[in-house]
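This report refers to the structure that appears directly beneath it.
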């Protein structure tokens, strides 16, 4: 999950909804196994349990709400970081460009 979140942050090439769905599916499987540790389940049974997760909603509406909040946060964060990078590039470019003589005179008059 953290790899998916980091990849989205860096490249945007991850479907956050799918990543969070996968996280909750794995969490549900683990919780089911821990709570029923007296039994042994094969992969086919665990796949069946995963398919029933949407119907059973073991976490209520928390996954849906959390997915919306995480997506909103990551989209905003990624957009903010990209804007900062563009701002940095603009400032760097402006620092490399010397002021025109007219601009220098106008600056001197201001001080």
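The values are calculated or read from the model by the stated rules, or taken from the named source; none is laboratory data. Small disclaimer: the values here were computed from a predicted structure and weren't measured. We place every Cβ from the backbone using ideal geometry, glycine too, and count neighbours over all the protein chains shown.
Worth pointing out:
- If the condition is being over 11 Å from residue 74 (Cα atoms) and exposed (fewer than 12 other Cβ atoms within 10 Å of the Cβ), then region 1-16 contributes 2, 3, 11, 13.
- Conditions (1) exposed (fewer than 12 other Cβ atoms within 10 Å of the Cβ); (2) modelled with pLDDT under 95: number failed by residue 85: (2)
- Some residue of region 43-59 being assigned to a loop (DSSP other than H, G, I, E, B), out of contact with any helix residue (DSSP H, G or I) (no Cβ under 6 Å at 6 or more places or on another chain) and surrounded by 10 or more Cβ atoms within 10 Å (Cβ to Cβ): yes
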